[in-house]
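Report on one structure; see the data block that follows.
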Amino acid sequence: MKKTVLFASVLMAAACVQEQNDENVIVTGTNPIITNQFTADPTARVFEDKIYLYPSHDIPSVITHFDGSAWFSMEDYHVFSSEDLTTWTDHGVIVRQEDVPWGKKDAYSMWAPDCVEKDGKYYFYFPDAVAEGRGFGIGVAVADKPYGPFVCEPEPIKGVNGIDPCVLLASDGNAYLFWGNGRCAKLKDNMKELAEDNPRDTVRWGNREFEMIGVNCLQGLPSRQAEGPFAFEYNGNYYLTYPYVRENTEVLGYAMSKNPMGPYEYKGIIMAEHENGCWTNHHSIVNYKGQWYLFYHHNAFSPHFDKNRSAQIERLYFNPDGTIQEVKPTLRGVGPVKAGHKVQIDRYSEIDGAEIEYIDTTDYFKGWKTVFAKEGDSVLFKELDFGRRAPKSVIFRIKGDSYSVADIHLSAGDASIILRMDVTPEWNEVKIAMPKKITGMQDLKVGLTQGSCIEIDWITFK
Ligand code: FUB
């Protein structure tokens, strides 16, 4: 059932619409994590013992860049939450471009946002194209709950022009706004304005000079085309992490300091360039239940247009000296996957010979299939939870290149079994009794031992 609730504020603040759809539950555990829409620039925050995800919401392009190419198009923000990093609830739309009093109503420019909690209020920071003048402003919308309803402030934050806000609530008691290519300024206690005592810079663009509030924390550091700053504090160190162009596309880099406003010292790469050329990356770093995670994006559901991106997660680790270990993107991701889920073995941990293809190239959200073209091809899916009661049967969603018989080898823990099944040229769900008991957390290996080319969409154990 879909409920639409309209909230209006008396004090000139704009109305924001929140849609709540109880059926909007997504179960993945693998990458990408959200499979019902594009989710770029994922900012993850822990509120009320859950992960709340505030991404920007790419849609197929409806606007063009100055060079005529299809451009980023984002008209609203959704918020998602999860307790286990596998089951995600889409709480619906929290802010739309039409609701922003100072924003251009048809700019489709609702780029990377952030949300922080202070004294029981949730402050959602978002960029939008300004209706009057040029460029981007950064707005604030306030709510009593992490999923809204959010009420937009009537004006953007004064003194701030730019994109990609991130707010650091530092242990010195201050809140710091980072934005654009690494600029940082202290916020007032009201979280909606810059503090009066911020330093000021004179910045030169061409032959014009501008006074800018705050400091450029990336001054002198590798920061070509830097954007998307994400700052956090851990073990007495401040970390300023940010995408920038090392060669041709963005990497995630980072710098450390003993002070929120720097000076920062460059330390290296958190994630290298995406191998497929996806130009942007954008991220957040969060500790949830004792484990650090990197949330980032990739264009997995849009292989031919890298401005339609999807959020992914990996575990992140620190070295004893506080530096960060480089993170490699995976398909397996971090969420617990139960054997009773539709186990998407195409999100493999290791692959040997098999190949991964999209199921439907007219609708990439249908996901992938694993193609076993020759005997011996296999994939390994790590950390599959078979639970305490051994499943009695296994179901394969499978097809082949002809009517045939295939022998599929499954191994997990002590069990190593070969299952013979009929394969048809159309997708079919084939159910087979499990000849051996498998329980507990196991790495599952699936391989073709005999038969012609087969494709598997998913496997589930009942
Ligand atoms: O999503 C639009 C822009 O692309 C973000 O604001 C940047 O950080 C980049 O990810």
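The values are calculated or read from the model by the stated rules, or taken from the named source; none is laboratory data. If you're wondering where the values come from, they're calculated on a predicted model, not measured in any experiment. A quick note on method: Cβ atoms are made from the backbone with ideal geometry, for glycine too, and the neighbour counts reach across all protein chains shown.
Miscellaneous remarks
- S393 being within 32 Å of the chain's Cα centre (by Cα) and either buried (at least 18 other Cβ atoms within 10 Å of the Cβ) or at pLDDT 95 or above (or both): no
- Strands (runs of 3 or more DSSP E) (entirely within the stretch 305-361) containing at least 1 residues that are under 22 Å from the mean Cα position of the chain (by Cα) and more than 16 Å from the ligand (Cβ to nearest atom): 310-316, 355-358
- Considering the stretch 137-156, the residues that are touching a Lys or Arg at 6+ places or on another chain (Cβ under 7 Å) and β-branched (V, I, T) include one that is nearest to D197 (Cα to Cα), namely V140.
- Here the strands (runs of 3 or more DSSP E) wholly within the stretch 152-260 that include at least 3 residues being within 16 Å of the ligand (Cβ to nearest atom) are 175-179, 237-245, 250-257.
- From the list A107, A112, the lone residue that is within 16 Å of the ligand (Cβ to nearest atom), in contact with a His (Cβ under 6 Å, 6 or more places away or on another chain) and under 21 Å from Q37 (Cβ atoms) is A112.
- Residue in the stretch 61-73 that is more than 16 Å from the ligand (Cβ to nearest atom), surrounded by fewer than 18 Cβ atoms within 10 Å (Cβ to Cβ) and under 20 Å from the mean Cα position of the chain (by Cα) present: no
- Among the residues examined, I269 does not qualify as within 16 Å of the ligand (Cβ to nearest atom) and in contact (Cβ under 8 Å) with a residue 24 or more places away in the chain.
- Among the residues of the stretch 261-277, those that are in a loop (DSSP other than H, G, I, E, B) and surrounded by 19 or more Cβ atoms within 10 Å (Cβ to Cβ) comprise M261, G262, Y264, H274.
- Scanning the stretch 76-95 for residues that are of a type in the set (D, E, K, R) and surrounded by fewer than 18 Cβ atoms within 10 Å (Cβ to Cβ) gives E83, D84.
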